[in-house]
Amino acid sequence: MSVEIVLMVPILVMFTLLVLAGGRYVSVRADIDAAARDAARAASFERSESAARAAALAAANASDVNDSFSSCEVAGIDGSFEAGGVITVTIRCSVDNRGLGLVGLSGSRDFTSSSSAPIDQYRRFG
C-alpha cells in the first residue's frame, strides 16, 4: 500500500501542475482575444485616426489582461481609417511559468491575438 502511494503522489502532483498551466494559458488567451476585440471596436467608433488610436490603447489597457502571471502590450493598430475601412488591433502577451518548474515548464510563453472591426460605410469624419 505504501509503495503505491509513494509512486502515485508525484504523478498526481505533476498532473495537477499541468492542469494549472493549461488553465493559465486558456485564461490569458481568452483575455487577450477579448482585449483585442474591445480595442478594435473602440477604435472603429472614433472620428479621427489619432482618436481611434487613443481609444484602442485605452480599451486594451482597461481590460483585465495584465495580472501576476502575464504582461501585455498593444503590438499594433493598423488598417485604413476611412468609411468602409477596417481597423485591426494586435495584442502580444507573455505568460510567466513561475511555480510550474516541477513539470518542466520554465521561462515564459508568448501569445498574440488580432481582431478587426469595420468602420461604418456611411461614417462622417471631421
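Worth pointing out:
- Qualifying residue in the range 59-67 (condition: modelled with pLDDT of 85 or more, aliphatic (A, V, I, L, M), under 30 Å from Asp120 (Cα atoms) and not in a strand (DSSP E or B)): yes
- Out of Arg98, Arg123, Arg24, sole residue that is out of contact with any strand residue (DSSP E or B) (no Cβ under 6 Å at 6 or more places or on another chain), assigned to a helix (DSSP H, G or I), at pLDDT below 85 and of a type in the set (Lys, Arg): Arg24
- Taken over the range 18-47, the criterion of being crowded, with 18+ Cβ neighbours inside 10 Å and touching a helix residue (DSSP H, G or I) at 6+ places or on another chain (Cβ under 6 Å) is satisfied by Ala35, Asp38, Ala39, Ala42, Ala43, Glu46.
- Of the criteria (1) at pLDDT 85 or above; (2) under 13 Å from the mean Cα position of the chain (by Cα); (3) not aliphatic (A, V, I, L, M), which one Ser50 fails: (2)
- The conditions of being buried (at least 18 other Cβ atoms within 10 Å of the Cβ), in contact with a Lys or Arg (Cβ under 7 Å, 6 or more places away or on another chain) and not in a helix (DSSP H, G or I) are met by Ile77.
The values are calculated or read from the model by the stated rules, or taken from the named source; none is laboratory data. Just so it is clear, the model here is predicted, and its values are computed rather than measured. We place every Cβ from the backbone using ideal geometry, glycine too, and count neighbours over all the protein chains shown.
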